[in-house]
Amino acid sequence: MLISDYLYLAPVLSLLAGALLILLLDLLADREQMGRWGWKAALASGLLALGSTFLLGDAPVRVLNVLAYDVFTAYVWRLLLGALVLLILLGESYVRSHTDEPGLFYALLMFFAAGALLVAASTNTMMLLLAVELLSIAGTLLVGFLHADRRATQGAIRCLVYGSAMTAVMALGFSWFYGLTGTTDYALTSEALSGLWGSSPAPVIRPIALVPVLAFVLVGLVVKTGSAPFHHWLPGASDVSGGFVGASAPVAASLAILPKVAGFAALVRLTLVMLPEALDLHIVWRWPLVGILAVAAMLWGSLLGLRQHNIKRLMAFSGIAQLGYVLIGVVLATEAGLSALLVALTAYVLAEMGTFTAIAVVSQKMPLDLVSDYRGLYRRAPLLALGLLLFILSLFGMPGTAGFIGKLWLFTETFRAGYIGLLILAALSSVISLGYYGRVVRAGFMDSDAGMAPVPVPAAASVVLIAMMVGVLVLGIFPNTWLRWAQAAAQVFFASG
Amino acid sequence: MFEQIVFLVFAVFALVAAIKVVTTPRISHAVLWLMSCFFGVAVLYLLLDSPFMAGIQLLIYTGGVAVLIGVASVVLRGAAREAQRRVTHSWPASIVALSLFLLMAWMTLELPLPEAPQAANPEGSLALLGAALVDPAGYLLPFELIGVLLLVLLVGALYLGKER
Amino acid sequence: MPIASVPLSWYLILGAALFWVGLYGLLASRALIRTLMSIALMLNAVVLNLVAFARFVEPARTAGKTFALIVYAIAAAQAALGLALLIAVRRPHSTVAVEGTDVLNRAPRVVDEGKR
């Protein structure tokens with residue numbers, strides 16, 4: 001039983017083994033050698049982890065009492081690991097030229113990804129808390145990694161302060177769940193809550209009294225994982241050296257993508273497994289709480305994005321808005337809504353990976369990351385400009401791209417479930433986002449490139465860019481297989497009930 | 001009755017110490033208050049029939065975290081001096097904290113909480129805890145993961161602290 | 001001591017008070033060291049909740065205590081990481097403070113004042 005349980009942990013274990021191997025190599029090899037071998041070792045363990053998810057089968061399994069391996073987990077793990085592999089490719093040249101400890105960087109990245117996998121599969125509140133902490137401590141260290149750059153250390157301090165506060169708030173919420181039910185397992189919590197509710201004729205708990213607990217858990221989880229750049233963009237007076245801007249582009253990309261995906265998986269599991277469907281609790285959680293968060297994220301992201309001149313910040317706000325759309329899937333909490341959530345999340349990952357690749361390339365040349373640095377990009381780097389256009393169209397939801405499928409499905413399900421207000425706000429936010437997406441496109445395609453130097457695109461970045469462009473188009477034009485996967489993954493939570 | 005008095009004494013002690021931690025101007029005093037607060041809570045764990053947790057509290061929190069912060073504030077003398085100047089009282093913060101406290105207190109009174117404690121387990125809860133931590137059907141994975149977390153931290157802290 | 005005469009709610013209210021005192025410290029303090037202490041206070045309150053709940057709701061008390069141990073590990077990790085960052089940021093510069101007096105309005109910001 002023990003051995004077979006660890007088999008299902010194979011992806012996590014290969015990442016951890018990769019991390020330890022790299023740390024060990026780091027002791028033996030010098031900096032030059034690590035620069036050459038570190039990323040290869042990381043890539044190998046990432047590919048091994050990704051490959052092992054295809055060998056594990058589809059049957060739902062409970063792993064070591066605290067994790068669940070099922071089709072949903074597999075879907076999310078593949079998404080995470082695919083993003084990780086591309087990140088390693090993408091970051092390679094940057095890491096080699098910008099850090100003095102490339103081995104350590106890759107080891108931390110592996111630990112970070114292992115944390116993300118565990119967050120996505122967790123079925124126990126204490127496991128979730130610990131995995132989120134692993135994710136966030138490794139993430140904080142990654143932000144602070146470019147030590148020579150003081151802005152990076154400041155970003156790490158922010159990350160730590162906000163992250164710790166959110167951990168504490170989330171832990172407080174979970175301690176109350178434990179206190180009311182005597183267990184930390186999601187399914188048992190659900191049973192115990194139903195028992196508290198259903199045993200006597202009059203409801204024992206007034207649901208309103210639990211709202212603060214729900215809110216703590218939700219805010220803690222979403223702020224800490226779902227919107228990883230959240231703590232980077234709280235505006236500060238005269239503060240242009242925020243963490244997100246300070247962190248290097250590959251780090252920024254991993255911070256934007258991996259925790260969000262993992263956090264959404266955790267949120268879905270919490271919603272559908274831990275909160276019993278019959279209770280008002282479930283309803284309160286979905287509509288006022290998650291719904292308000294979704295609306296806030298959409299509007300906040302779109303409106304504040306309009307004011308940004310730094311493209312990394314702009315994309316961070318765009319990411320917040322995208323997060324809001326995906327949260328709608330949790331509000332719906334139906335099988336179709338959940339499939340739509342996975343589809344939208346995948347489309348987001350593709351477009352975001354692509355955008356950050358493009359930004360990373362330009363950033364090597366022009367480290368200020370201003371939107372005006374992208375003037376006439378289509379002449380200076382045609383592939384880059386074309387990719388950026390495609391990804392931005394996908395983020396906006398242009399037909400023919402992956403983002404369109406995700407958004408269309410989410411919006412249709414929202415309409416079908418009758419959340420008309422939510423739908424209108426989401427559409428409004430989409431329209432607003434056109435304002436800043438348009439600015440980037442205009443800079444890239446319409447403004448003249450007078451006085452701007454051409455941007456050379458490294459081979460690894462071209463590979464990632466082309467892969468993402470193909471991904472966005474293929475999933476946008478022939479989405480059937482993909483949609484079936486997402487549906488199969490969503491069915492996990494609805495098959496028995 | 002006796003227990004209630006002990007509870008009240010140490011609860012008030014811990015609470016006053018906690019308030020002192022966030023309000024006292026001198027950072028060295030704040031560290032001492034922090035240790036006192038942890039100590040007061042450790043006594044409450046004894047009342048809760050959990051001597052093991054009381055021991056851990058003293059070892060990790062009072063002995064580890066608080067001493068770590070204390071040493072750091074001595075080593076980084078400039079930072080401590082800076083912190084002293086910068087003690088501020090923020091009305092918005094106190095309003096937020098107080099209203100959230102009142103919300104939690106209301107919630108505590110509103111929710112159905114068990115009146116009587118569970119009977120002490122004859123096998124001893126410490127033995128059960130130890131078994132659960134290494135049981136695959138218990139909490140083996142979280143226990144192992146603590147090790148991973150601390151390793152990440154160790155490596156990261158070494159890197160951050162390295163002279164270059 | 002056969003019957004604990006202290007009700008569970010007393011512990012919980014104390015826990016809530018300690019937690020929100022910690023949050024006050026987090027919001028009001030500008031120095032990173034004090035911020036770290038405030039975070040330690042908050043997590044300490046969570047542990048108090050857990051130990052109290054474990055005594056009252058779970059016969060074996062294993063889940064509650066394991067959870068408490070995990071929170072201890074997290075607290076220790078955060079304190080250690082915070083101090084490592086403090087040292088890292090302080091080396092090239094003289095003083096460090098996390099600025100963030102305005103509630104939820106301004107991000108904590110590291111400022112350095114006065115070169116040594």
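Select from chain B the helices, each a whole stretch of DSSP H, whose alpha-carbon atoms run 27 Å or more along the helix axis and whose Kyte-Doolittle mean is at least -1.0; answer none if there are none.
On the way: long enough: B:2-23 (32 Å, 2.21); B:27-47 (31 Å, 2.01); B:91-110 (28 Å, 1.52); B:140-161 (32 Å, 2.37).
Span-like helices in chain B: B:2-23, B:27-47, B:91-110, B:140-161.
Straight distance only, please: which lysines reach the Cα of A:Lys260 with their own Cα at less than 18 Å, same-chain residues fewer than 8 apart left out?
Within reach: A:Lys224, A:Lys312, A:Lys407.
Calculated from DSSP H runs of 4 or more alone, at -39500 (n - 2.57) each and per residue, what is the 222 nm mean residue ellipticity of chain B, nearest 500?
For chain B, the value works out to -23500 deg cm²/dmol.
Please list, by residue number, everything in the stretch A:365-393 whose backbone N is under 13 Å from a paramagnetic label point 7 Å out along Cα→Cβ of A:Ser448.
The answer is A:376.
At 0.36 nm per residue, minus the direct Cα-Cα distance, what do A:Thr412 and A:Leu28 gain on full extension? Give it in nm, one decimal, please.
Result: 132.6 nm gained on full extension.
In which sequence would B:Phe143, A:Phe145, B:Phe2 go, from the one with the fewest C-beta neighbours within 10 Å to the one with the most?
In order of increasing Cβ crowding within 10 Å: B:Phe2, B:Phe143, A:Phe145.
Normalised by the residues of chain A, what does the relative contact order come to in percent, with Cα pairs under 8 Å and at least six apart?
Computed value for chain A: 14 percent relative contact order.
So if I take the centroid of the Cα atoms in the stretch C:10-33 and the same for the stretch A:33-111, what is the distance between those two points in Å?
Measuring centre to centre over Cα atoms gives 38 Å.
How do the peptides B:89-101, A:331-343 rank, highest first, by the average count of neighbouring beta carbon atoms within 10 Å per residue?
Going from most to least packed, we get A:331-343, B:89-101.
Taking the Cα atoms only, what angle lies between the long axis of helix A:125-143 and the longest principal axis of chain A, rounded to 10 degrees?
Orientation of helix A:125-143: about 10 degrees from the principal axis.
Listed highest first by mean packing, meaning other Cβ atoms within 10 Å per residue, what order do A:488-494, C:41-47, C:14-20, A:69-75 come in?
Numbers: A:488-494: 19.4, C:41-47: 28.6, C:14-20: 25.6, A:69-75: 22.6.
In decreasing order of mean packing, A:488-494, C:41-47, C:14-20, A:69-75 become C:41-47, C:14-20, A:69-75, A:488-494.
Just checking the output field for B:129-139: average partner chain Cβ neighbours within 10 Å of each residue's Cβ?
Mean shielding count: 6.
For the Cα atoms of chain A, what angle does the longest principal axis make with the long axis of helix A:71-98, in degrees from 0 to 90, nearest 10?
Roughly 30 degrees, rounded to the nearest 10.
What do you get for the angle between helix A:382-396 and the principal long axis of chain A? Use alpha-carbon atoms, 0 to 90 degrees, nearest ten.
Once rounded, one gets 20 degrees.
In terms of Cα to Cα distance under 23 Å, which lysines are near enough to B:Lys162, apart from those fewer than 8 places away along the same chain?
Within reach: C:Lys115.
Can you tell me the length gained on complete extension of the stretch A:Val470 to A:Ala427, counting 0.36 nm per residue apart and subtracting the Cα distance?
Full extension of this stretch gives 12.8 nm more.
Tell me, A:Arg62, C:Arg55 in order of fewest to most beta-carbon neighbours within 10 Å?
By the 10 Å Cβ count, ascending, the order reads A:Arg62, C:Arg55.
Tell me, what is the percent relative contact order of chain B, built from C-alpha pairs under 8 Å that lie six or more residues apart? Can you show the working numbers first?
Details: 95 pairs, mean separation 27.7, N = 164.
So the answer I get is 17 percent.
Calculate the mean, over all residues of peptide B:44-53, of how many other protein chain Cβ atoms lie within 10 angstrom of the residue's Cβ.
Neighbouring Cβ atoms belonging to other protein chains average 6 per residue here.
Which distance in Å, rounded to a whole number, links the C-alpha centroids of the stretch A:422-441 and the stretch A:267-301?
23 Å
Inside 10 Å of the C-beta atoms of B:18-28, what's the mean count of C-beta atoms belonging to other chains?
5
For the stretch A:179-197 and the stretch A:379-400, what is the centre-to-centre distance using only Cα atoms, to the nearest Å?
48 Å
Only counting other Cβ atoms within 10 Å, I'd like A:Leu134, B:Leu59 sorted with the fewest neighbours first.
B:Leu59, A:Leu134
Bear in mind that the values in this text are calculations on the coordinates, not laboratory data. Please read these numbers as outputs of a predicted model, since none were measured by experiment. Heads up, the Cβs are rebuilt from the backbone with ideal geometry, glycines too, and the neighbour counts pull from every protein chain shown.
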